[in-house]
Amino acid sequence: MNPTQWQPTASVDNLKRRAEVLAQIRQFFARRGVMEVDTPVMSHCAVSDPFIDTIETAYRPHFQAEAQVLYLQTSPEYAMKRLLAAGSGPIYQMAKAFRNGEYGKRHNPEFTMLEWYRPGFDDQQLMDEVEALVSEVLGDVAISHYSYGELFQHYLGLDPHQADARQLAAVTRQHIEIELDDDDPDTWLNLLMSHVIEPALASRGAVFVHDYPASQAALAKVKTGQDGTEVAARFELFVNGIELANGYHELTDAAEQQARLLKDQRSREQLGLPCRPLEMRLVAALESGMPECAGVALGVDRLVMMALGTSNIRDVLAFPLNRA
Amino acid sequence: MANYSSNQFKNGLKVMIDGDPCNMVDVEFVKPGKGQAFTRVKLRNLLTGRIWERTFKSNESVEGADVMDRDMEYLYFDGEMWHFMEPESFDQVAADENAVADAKLWLKEQDKVMVTLFNGNPIAVTPPNFVELEVVETDPGLKGDTAQGGSKPATLSTGAVVRVPLFINQGEVLKIDTRTGDYVSRA
């Protein structure tokens, strides 16, 4: 800590624009009758995704009592789905989310996430609403749509749904210098996506990528795509090559949800990653009947970056990690 | 040397890659929405000058390079090597053509320069941003032409040739920007 670095990294003008964007988002949802909710940042359970590391806190009922580990949310998804199952109707939230180790020009370990859920919508309808919101903040944005498969065909000449790890590794090594040995095709697909396709999308403005590989469904439904292959009902929005939002036609099948949580936990064990309490209340909520819905998470800090035309998240945060 | 893990990478860190000392020019944390994190680094090979990109896993570590920048005084050229001295310790080093490279155009005896040492041996020489050098040869100046128009070549005491205004005469001392090789003003 450097006591001379007390000032914010964002200018006051940028912070004013940030405040305007937050107000625009709230107005957008107020007009559309989507309720703002406010779920806890600390939870007894942690995210299952092996590649998202939760920050732990210590809760003590009394200062001498034994500490109980609570987990800072990496997104408000689980809590919001419990509200949906309880009959909340359409909801949104702008929440602080926390992810260990994610620190760079476009990342801060503490960041602001906008997440919303629309009962009765599918991924296509939700993409339309994302486009409306983004257009409200950035001015009219026409967003093009490409499937994940189309992009891999176009830029790399391969079918991401069929290629095996060995083929993908070979293609990756033509584009990226890396020492890596991995038999999970998704590792290579993610590398190609982040190192080759995302930079190429920079010249295409705003782009929705949809129909991800079924293996990258996370909490999305799996559906049968146009050519009969199984794909995830998942989309991402990239603006000038920067990932801005990630949405799903949400999984509502409780048994499948439980299976995916357990599968993530097994991956964590195999990779030697910490195994934290799984959110089984999500499974119970789905069992009791969560409405069919679509949901999306959008990085608010990145949206403000785009509104201001800056490429560094420090320009839109009052105090990033090294000044927090 | 210490090892650095990819979460400690930052601009300016000097590391050994495939046996050569390299400088990190740009470090970017890459994390897809789903999937593992990587660190993408733009590296400059300090021996060859080559700039390229390499991606590291989140737990990967690399060996630091024993590279340091020293402020030194330029002493003389012996016809083959350029000699420099550290003013406090009087330690001297000799740098070859490869290490001195384009900096030789701007080296004036007793000037302060930055010498980059790798395992104690000079691998690069960086002149000050501005140097003052005498014109040893140029066409005669034009009287009255002080404001505008035209330029001409002038050869400086180091052998460097720069474009100067028409009013500059042989024997004058000029201030030059070594980063661009441009004339700035009379000294």
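Summary of computed values
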{"read-out": "Failed item, numbered, when A:Gly289 is tested on (1) more than 14 Å from every other protein chain (Cβ to nearest Cβ); (2) open to solvent by 60 Å² or more (accessible area, probe 1.4 Å)", "value": "(2)"}
{"read-out": "Considering residues of segment A:21-67 that are outside any loop (DSSP other than H, G, I, E, B) and polar (S, T, N, Q) only, the residue farthest from A:Trp116 (Cα to Cα)", "value": "A:Thr57"}
{"read-out": "Of residues in segment B:27-50 being at the interface with another protein chain (Cβ under 7 Å from one of its Cβ atoms), outside any strand (DSSP E or B) and charged (D, E, K, R), the one nearest to A:Arg234 (Cα to Cα)", "value": "B:Lys34"}
{"read-out": "Condition broken by A:Glu77, with the remaining ones in (1) open to solvent by 20 Å² or more (accessible area, probe 1.4 Å); (2) away from chain B (no Cβ under 14 Å); (3) farther than 25 Å from A:Asn322 by Cα satisfied", "value": "(2)"}
{"read-out": "A:Gly104 vs. criteria closer than 23 Å to A:Val283 by Cα, outside any strand (DSSP E or B) and open to solvent by less than 30 Å² (accessible area, probe 1.4 Å)", "value": "no"}
{"read-out": "A:Arg60 vs. criteria open to solvent by 30 Å² or more (accessible area, probe 1.4 Å), away from chain B (no Cβ under 14 Å) and in contact (Cβ under 8 Å) with a residue 40 or more places away in the chain", "value": "no"}
{"read-out": "Where B:Thr116 falls short, out of the listed (1) in a strand (DSSP E or B); (2) farther than 22 Å from B:Met24 by Cα", "value": "(2)"}
{"read-out": "Residue check, A:Ser135 in a helix (DSSP H, G or I), more than 14 Å from chain B (Cβ to nearest Cβ) and over 21 Å from B:Lys42 (Cα atoms)", "value": "yes"}
{"read-out": "Among the residues listed as B:Val164, B:Val131, B:Val93, the single one being in a strand (DSSP E or B), closer than 30 Å to B:Met16 by Cα and open to solvent by less than 30 Å² (accessible area, probe 1.4 Å)", "value": "B:Val93"}
{"read-out": "Wholly enclosed strands (runs of 3 or more DSSP E) of segment A:147-251 bearing at least 1 residues in contact with a Leu (Cβ under 9 Å, 6 or more places away or on another chain) and within 14 Å of chain B (Cβ to nearest Cβ)", "value": "A:206-213, A:230-239, A:242-249"}
{"read-out": "Answer residue from segment A:209-226, given it is of a type in the set (D, E, K, R) and free of Cβ contacts under 8 Å to residues at least 60 places away in the same chain and is nearest to A:Gln265 (Cα to Cα) among those", "value": "A:Lys221"}
{"read-out": "Tally of residues being open to solvent by less than 40 Å² (accessible area, probe 1.4 Å) and closer than 13 Å to A:Met193 by Cα across segment B:12-39", "value": "8"}
{"read-out": "Unique match (being away from every other protein chain (no Cβ under 13 Å), assigned to a strand (DSSP E or B) and either under 30 Å from A:Ala245 (Cα atoms) or in contact with a Cys (Cβ under 8 Å, 6 or more places away or on another chain) (or both)) among B:Met16, B:Met72, B:Met68, B:Met24", "value": "B:Met16"}
{"read-out": "Looking only at segment B:51-63, and only at residues there that are within 12 Å of another protein chain (Cβ to nearest Cβ) and within 27 Å of the chain's Cα centre (by Cα), the one that is surrounded by the fewest Cβ atoms within 10 Å (Cβ to Cβ)", "value": "B:Trp52"}
{"read-out": "Residue selected from segment A:216-238 under the condition at pLDDT below 95 and among the β-branched types (Val, Ile, Thr), by the criterion surrounded by the fewest Cβ atoms within 10 Å (Cβ to Cβ)", "value": "A:Thr224"}
{"read-out": "Given (1) open to solvent by 80 Å² or more (accessible area, probe 1.4 Å); (2) over 25 Å from A:Met306 (Cβ atoms), index of the condition A:Arg32 fails", "value": "(2)"}
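Listed here are the residues, each with its yes/no results for (1) of a type outside the set (A, V, I, L, M, F, W, C); (2) in contact (Cβ under 8 Å) with a residue 40 or more places away in the chain; (3) open to solvent by 50 Å² or more (accessible area, probe 1.4 Å).
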residue: A:Thr112; (1), (2), (3): yes, yes, no
residue: A:Gly120; (1), (2), (3): yes, yes, yes
residue: A:Met127; (1), (2), (3): no, yes, no
residue: A:Leu156; (1), (2), (3): no, yes, no
residue: A:Ala170; (1), (2), (3): no, no, yes
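The values are calculated or read from the model by the stated rules, or taken from the named source; none is laboratory data. This one's a predicted model, so the numbers in the text were calculated from it and none came from an experiment. Cβ atoms come from the backbone with ideal geometry, glycine included; neighbour counts cover every protein chain shown. Quick note on the areas: whole protein, heavy atoms, side chains included, nothing else; ligands and nucleic acids left out. Shrake-Rupley method; radii C 1.70, N 1.55, O 1.52, S 1.80 Å.
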